[in-house]
Structures are given as C-alpha cells and as structure tokens.
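Have a look at the structure below, then the notes.
The values are calculated or read from the model by the stated rules, or taken from the named source; none is laboratory data. Computed from a predicted model, the values in this text were never measured in an experiment. Here the Cβ is made from the backbone with ideal geometry for all residues, glycine too, and neighbour counts use every protein chain on show. Areas reflect the complete protein model, heavy atoms only, side chains present, ligands, DNA and RNA absent. Shrake-Rupley method; radii C 1.70, N 1.55, O 1.52, S 1.80 Å.
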Amino acid sequence: MNNIETGNHISGRSVYLDDIPELKGTLHAAVFGSPVAHGTITKLDISKAQSLPGVIRVFTFNDIPGQNEIGGIIADEPLFAANIVHYNGQAVALVVANDELTARKAVKLIEMTTAPLEVITDPRMAKEKGELLIPPRTFRQGNITGAWKKCDFIFEGRADSGAQEHLYIETQGAYAYPSDNNSIKVHSSTQGPTSVQKTISRVLNIPMNHIEVDVARLGGAFGGKEDQATGFGVMAALAAYILHRPVKLALHRLDDMRMTGKRHPYSSDFRIGLTRDLKIVAFQTTMYQNGGASADLSPAIMERTLFHSTNAYFIPNTEVTVYSCRTNLPPNTAFRGFGAPQGMFVIESAIAKAASEMKIPAHEIQQKNLLRENDEFHYGQTAKDVRIRNCFDTLIKRYDIEKITAEISAFNSSNEILKKGMALMPVCFGISFTNTTMNQARALVHIYQDGSIGISTGAIEMGQGVNTKLAEVAATLFSVSTTRIKLETTNTSRVANTSPTAASSGADLNGNALIIACNKLLKRLKEVAAALSNSNIDDITLENEAVLKKGNPTGIAWETLVHKAFLSRISLTENGHYSTPYIYFDKTKEKGHPFAYHVYGVAAITVTLDCLRGTYNVNDAHIVHDFGNSLNPIIDRGQIEGGLMQGIGWMTMEEVVYNDEGRLLSNSLSTYKVPDIYSAPETVDIHALETEGPELAVMKSKAVGEPPLMYGIGAYFALQNAIIAFNPGYKPDFDAPLTPEKVLMKLYKRR
Ligand code: LUZ
Ligand code: MOS
C-alpha cells in the first residue's frame, strides 16, 4: 500500500508550518545570531533595531520570565546568550515586527561588540585543554591488555569522519499564539513536541498544562529536529506570550544552516589485533566527538557510538573510550544513526587497514568475525535471532561476489584511467532509545458513531510514513479499510509526555501502544456483537468490515456494530500505553540489555573512479536486509534507498567546512553538495531476507529508519579500493568525506 499522504503531498494539500492560515494580527520574528564564535559581550545595542518602523519589540535574555535555559540533557544552553557567546550564529536576540522583511532588516541594525576569546573547533584540541561536555565513558569486554600478546598482526591508525547538514526541506520554525486562560498554543516543526512544551514551561515559568504543542507533519527532520527545534519553538512562544499576539518564526535557509548543529564529526585513534586466520582478537579505540558549544544530545549520541563501535562483529577483547569535546561550533546533534555511523566507520577503517596491510580483501576479515547467536555484545546483551551471517552469505551467493571481484580485477587490469572498486558493509543496529525511560508511548483511539476512526499517538509524521503504518495497524486489527481511519495531528493535549519520534522507534513504540488501545476496543465491540448475534464472544470475529460467527456471516456490518455499541452506551474511546519490556542498562557497570532487538543487513557497493579527474560513479548497491515481516514493503524500501543515499552523501560529497574562526564556509546550497539523482547508484537492488520478525517489533515489522544509512559507509571503502587499484603506493587513510578533491590527492600520492 502507498503512503496514505502521497496524494495530499503531490497535490500540495498537506499542511506544513508555513501553510497554516495566519491569524489576524500575526507578527513575524527573526533571530539575531552572534557574528563571532567566542567572545565576551561588551556591548549589545538594540536601539536602532527597536526604532525601525514596523518593529514591535526586540527580545533579549532580560525579557525571559523564567529560566534562560533550554538544555535538554544538561542545563548548559541559554535561549539567548547573556554574557558570553560560544558559537557563530548563537541566538542573542529576537526581533518581532509586523512583517518578515522588517524583522530581518532590523536584525541587521543590532550592534554587538565582543572581547574575543580563544576559538576551538578541533575536538582533540578541546580535549587537550580540558574542554569536555561530560566525563569520558569506556565500554570494555575481555582483557585488552592481555589480548595483544595473542595477536599475529597488530595495526594502528586514525579515522576521521565529518559533519553532515540535515538539509530537511522545511527549515526550523514555529507559530505560537495566546489561547484561552493564560495559555499558549504552539505549532512547531519538531520531532519532540513534549520537549518543546517542557522547555516553554521552564522559560516562561508557566505549567505544562498551559502549553499545547501541535504538529501536523514535518518536511523532513533526520534528527535535526529532535532537540534543535525546541529553541525556536520557545522563542516564538516567548514573544507570543509577552506580546499577546500570534508570532511566527521560520528560519531562512542560510540562518538555519549557520545556527543549527549537525552530525558530530569524530576523530579517532584505533588499534586492531588479528590472528593469522583473520580472527579479530583485540580492538581498542579512543574517539573524540566534536560536540559543539553545549551538550544538546551529545551524551546520548556518545552512548550509541559506544554501543555500535564493534558493528556486527564479535570481538572478544574490546576497549572503547569516547570523549565528548566542547568546541565553539553550533551544538552538534542527532542525525540519522545517532553516533552509530561514526563508531562503525572506525571499526571498518581498522578492518580496511588490516586488509590492505595483509593484502587480502576486507570482506574476508569481515566474514570471519561476524556475530553468532548467543555471542555477548561488549555491553552485556546476549545476541539473539542474529541474522548477520544469513544476510552476508545470502549476499555473497545472490550477487556472486566472487564473480564481481574477478570482473573488477579484469576491468582494472585492462583500464588505465578508469578503476573499479567494491566494498561490503555489514550493519547491526540496536533498536530502542539507549535511555531506557524514553521507550514508552501512548495512543488515543476514538471510534465515531459512523464507524470512522480517529487516532492520536505521540508519533510525528516527517515523511517516513509512520502515519501509514499506524493506519495499517488499526485497519488490520479492526479489519476495516484504511480509508475509515484518520491520523490526527500529534498534540500534547491529546497524547502527553511523548518521547521524540526518533531512534527508528516511532512505529514500534506508538504502534504497540495503538495495538493495546485497539484490542481493548475490539474486546468491547465483540461483546456487543456476541449479544447481538446470540453467540459466545469466542466465536466472534471481525472480517472485512463485517461480524462473523464461527466464520459465518451474521449480517452485522462494522457501522451497525459501532452504532449499536454507542446506543448501548459502550465507550468507543480507548487509550493505550506501551513500554518496551525486558530492557535496562546499568551505567555503573556499562552493561545491560539496552535494545529490544537488532536490525541486520549487508550491502555490497561498487564504484567506478575516473583517475584523471578524481570523479566517480556509484554503480551498484546490492543489499540484503532483514525487515522481519514488513508491514509496508513500499515504505520500508523507500527508507532503505533514502538512508543509503544519505550515507553515501555523508561519506563522499557532503563536506561541512568551518574556518579557524568557527565561521561556516559551506553555508549555502552552492557550497554544500548533497547527492542528487546523478549521484545515485545505477542499480539499487534490495533483497528482503525472509525472517519471522521479533515479537517486540510492531506486528513483527522491524524498525527501518536509521540502519540503512550505514550501508553508505561501504562507498568510502569501495572508492578506497579503486584508488589502491590505480595507485599501489597509496597507503589507505581514513578521512571522510572522500570528496573528488581528496580522491585526486590520494591517486597521485606516493608512499
Ligand atoms: N535519540 C535519543 C535517538 O534520544 N536516543 C537514542 O538512543 C536515539 N537513537 C537513535 C536516534 N535518536
Ligand atoms: Mo533521530 S537521529 O532523531 O532518530
């Protein structure tokens, strides 16, 4: 089934923030961001801005009734800088005017001077200076010190991966207006409406029940609106609350790129030890996470890096340390994969390093070390229903990797300028928020008298198709057409205390809550049906919008059943609450069972490199993926294709550049390149591994949002292999993204 929103999207009827009809008297806001990356504010003069005709008011930290604090995990982030600015673009003031243009003009009239402070953009330098956002954490397994003695080969190296701009099509923004009883209503482009509500409560000093946050859908998010939509929601709310007027704030693309954080760059040192028969015996790494100026979600992202630092491999002796480093960049934040891609890039770099030194294909090392059933992850969880070997073996057979390898070497020996390369990328991704508390959700279901159904959950639709999946869940349980079902906006007054829609778990958590609500309703409806048809409740089933008794028609249609239930004064509304069972994590030991289950898969990526120009094409992506029992193969395949492309972009062409003064140079779409159709692989072939699917996945359909991004990591190593084919003197190094410029340097670099 297609996404239920497709028709509205392509006809332009879907409502995004900017499509909400504006109330009379709506004002428009624009943010003044610090022009420097680090400094003490010596003067802030808003008078010229304030006196521009059409300007209603300029807000600074002085105007905040509650706390000037928006930090989600750690209270280290002001809404508006008070004394010191910590990054270029940090919000200092908000101009509110009659129209948007005036607000933007007024922003330019604000005068701020600063006494410069030292700017740090490099995480290793930050660590040297003791600038850490939180203390480092280490995950351990086995005995790393003793393990090196058992190794026949030991290799060391460094791996760096870059930032990534989310580039959601809809920029950050919010529309807030006063409502009855000293309350405030906010439409926000956020993945986390409760975070917005809670933070408004803190900043305005009003209780959460006076704040209603509503989200129809987002024009993309990718993690960039898990935490960073909050500040902008709060700004709009603050202005609306104080001025008693509707206030709209929608960031200009250039401001969005400059002011918001990105995927964390990481810089890591690694050491890997193997035996002669290619068993990885020991792996040690120290990673420096570039956190930016405040914590944001960095501590949680650091945690997921630790969890995924051994990817899909069992390594008996492991020690992984991550430092979360404070730098003078916008606070880096959630981005599809949430630290896991950065961690996986390091272990894959270590394997590639070993393979190149040992002159064997990396996939021989990969294959030898894949997880097996009942292996213990380095965080203590026992691996169950492990599918990685099935995926790997299926891929090797199905796409005849031996033959592709032979074809590539034949091509390479008969071509001087064009070289091909291939790499395999296995993925093992844990499903659940690593913070156990967040793994809960609620659903509210109304069946109306006419048999139509309204569903509210905490899930945010951001293009990923969660509304379609939820509609299918309810349609399956009630055995009615999805056309009877409407997904309501996500609203904190209808469904409270929501976790953000993140961690690939939106459909699982909210879908399982929905199942609980629907089953309660179903039980009541069956009781009514049993009474109506003089039968036992156990003999009643609902099929195709009709009541059956022992499998035979009763003549009672869905609408009739619902209407009779209403006449009998039976409640047609239910609430479902779900919390993932079994999971826990003990941070004092760094061991536990944090994930409901794992998603497995493997990709083979082939590329062709033009060794004169350094340009390249990704030819094929062959993927074997474990979907479980997919609720919606069209949506799930779409997620794989999109994730793959986003991963390829991160690894190859997307280059976020800051200068030493902490100014973003890749600040527009003319200087920041994301993949387009021409950079897509000519072939993307996705094979679904047939598995039953885990109980904890919604209707056994596995989470699919983030895992495929990491298939894109294969593009880095495929390109690297093509470079080696041209330049045997090139000693592989690991510094993503592998842009054409960098490729060219490596092609002609001598050992
Ligand atoms: N967000 C979060 C996430 O708060 N916790 C997580 O574990 C997570 N994982 C992936 C993506 N977003
Ligand atoms: Mo996320 S990286 O918001 O799942």
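Remarks
- Single residue of Glu543, Glu488, Glu559, Glu472 found to be away from ligand 2 (no atom under 16 Å from the Cβ), over 22 Å from the mean Cα position of the chain (by Cα), open to solvent by 40 Å² or more (accessible area, probe 1.4 Å) and under 27 Å from Ile640 (Cα atoms): Glu488
- Residue match in the range 419-428 (condition: closer than 30 Å to Ala517 by Cα and modelled with pLDDT of 95 or more): no
- Candidate set from the range 328-377 (those that are within 22 Å of the chain's Cα centre (by Cα) and of a type in the set (Val, Ile, Thr)); member that is farthest from Pro78 (Cα to Cα): Ile347
- Any hit, the range 310-325, residues being within 16 Å of ligand 2 (Cβ to nearest atom), closer than 23 Å to Gly162 by Cβ and either at pLDDT 95 or above or not polar (S, T, N, Q) (or both): no
- Subset of the range 315-345 [out of contact with any Gly (no Cβ under 6 Å at 6 or more places or on another chain), under 18 Å from Met710 (Cβ atoms) and open to solvent by 10 Å² or more (accessible area, probe 1.4 Å)]: Phe338
- Any hit, the range 487-504, residues being within 16 Å of Thr476 (Cβ to Cβ) and touching a strand residue (DSSP E or B) at 6+ places or on another chain (Cβ under 7 Å): yes
- Matching residues, the range 218-259, being buried (at least 23 other Cβ atoms within 10 Å of the Cβ) and within 16 Å of ligand 1 (Cβ to nearest atom): Leu218, Ala221, Phe222, Gly223, Gly224, Lys225, Glu226, Asp227, Gln228, Ala229, Thr230
- Count of residues meeting criterion [over 21 Å from the mean Cα position of the chain (by Cα) and more than 30 Å from Phe59 (Cα to Cα)] in the range 235-289: 19
- Filter pass, Asp269 being surrounded by 24 or more Cβ atoms within 10 Å (Cβ to Cβ) and of a type in the set (D, E, K, R): no
- Of residues in the range 128-182 being touching an Asp or Glu at 6+ places or on another chain (Cβ under 6 Å) and of a type in the set (S, T, N, Q), the one most open to solvent (accessible area, probe 1.4 Å): Thr171
- For the range 102-111, the set of residues classified as more than 33 Å from the chain's Cα centre (by Cα) and either open to solvent by 30 Å² or more (accessible area, probe 1.4 Å) or β-branched (Val, Ile, Thr) (or both) consists of Thr102, Lys105, Lys108, Leu109, Ile110, Glu111, listed by residue number.
- Test result for Glu303, within 28 Å of Glu590 (Cβ to Cβ), of a type in the set (Asp, Glu) and within 16 Å of ligand 1 (Cβ to nearest atom): yes
- Of Gly89, Gly66, all but one fail to be at pLDDT 95 or above, open to solvent by less than 40 Å² (accessible area, probe 1.4 Å), touching a Gly at 6+ places or on another chain (Cβ under 7 Å) and closer than 26 Å to Thr199 by Cα; the exception is Gly89.
- Taken together, Phe726, Phe717 contain a single residue that is within 23 Å of Glu416 (Cβ to Cβ), surrounded by 24 or more Cβ atoms within 10 Å (Cβ to Cβ) and in contact (Cβ under 8 Å) with a residue 12 or more places away in the chain, which is Phe717.
- Close pairs (7 angstrom Cβ cut-off, 6 or more residues apart or separate chains): within 13 Å of Ile315 (Cα to Cα) and open to solvent by 30 Å² or more (accessible area, probe 1.4 Å) in the range 273-299, away from ligand 2 (no atom under 16 Å from the Cβ) and of a type outside the set (Phe, Trp, Tyr) anywhere: Lys279/Lys368; Lys279/Asn369; Gln284/Ile144; Gln284/Arg271; Gln284/Glu319
- Residue within the range 518-534 that is of a type in the set (D, E, K, R), within 16 Å of ligand 2 (Cβ to nearest atom) and within 23 Å of Pro581 (Cα to Cα) present: no
- Test: residue in the range 693-707 that is open to solvent by 30 Å² or more (accessible area, probe 1.4 Å), assigned to a helix (DSSP H, G or I), on the phi > 0 side of the Ramachandran plot and of a type outside the set (S, T, N, Q): yes
- For the range 212-250, a residue qualifies if it is within 26 Å of Lys24 (Cβ to Cβ), among the basic types (Lys, Arg) and either within 16 Å of ligand 2 (Cβ to nearest atom) or at pLDDT below 95 (or both), and exactly one does: Arg217.
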